[in-house]
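Inspection log for the structure reproduced underneath, given as structure tokens.
Since every read-out is calculated from the coordinates, none of them should be taken as a lab result. Keep in mind it's a predicted model, so treat the numbers as computed, not measured. Note: ideal-geometry Cβ built from the backbone for every residue, glycine included; neighbour counts use all protein chains shown.
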Amino acid sequence: MAATDTARIAAILSAIAALLGHGPYSTANPCSTSMATGGTSVSDEPSNPPPPPLRRWVNTRSAAAHIGIHPEVLRRWARQPGKHTWLPKPIRVGKEFRWDIDALETALADLNDRSQEDDDEAR
């Protein structure tokens, strides 16, 4: 490849980078430094935040067994959202409800913490 071809390719790449808003293009090492940041090291790829944790969805029978109650009790609690405001809302998949186990555990832990605080204040 001739030097003129390399220069022509570099000019084209610089024009494309300018159009895309990536700043000037360097043929030396395009990922290592940036003229826009004063020559400091910059990666072309943005830093991605960690993925959110996977949520565990289970049916009513499994959720009830997990927290140690009868499935019909959990169904009854779900039918009375005004009375059981601490209970996370399930989602409906077909004819069944699916419960987020992590949200259910957190809600129960918060409920237990509040009841212990109430007991401490009553003493």
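What the table shows:
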quantity: FRET efficiency, Ile12 to Leu54 (Cβ-Cβ, R0 41 Å, nearest 0.05); calculated: 0.40
quantity: Estimated distance in nm for a label pair at Asp118 and His84, the labels positioned 7 Å out from Cα along Cα-to-Cβ; calculated: 1.6
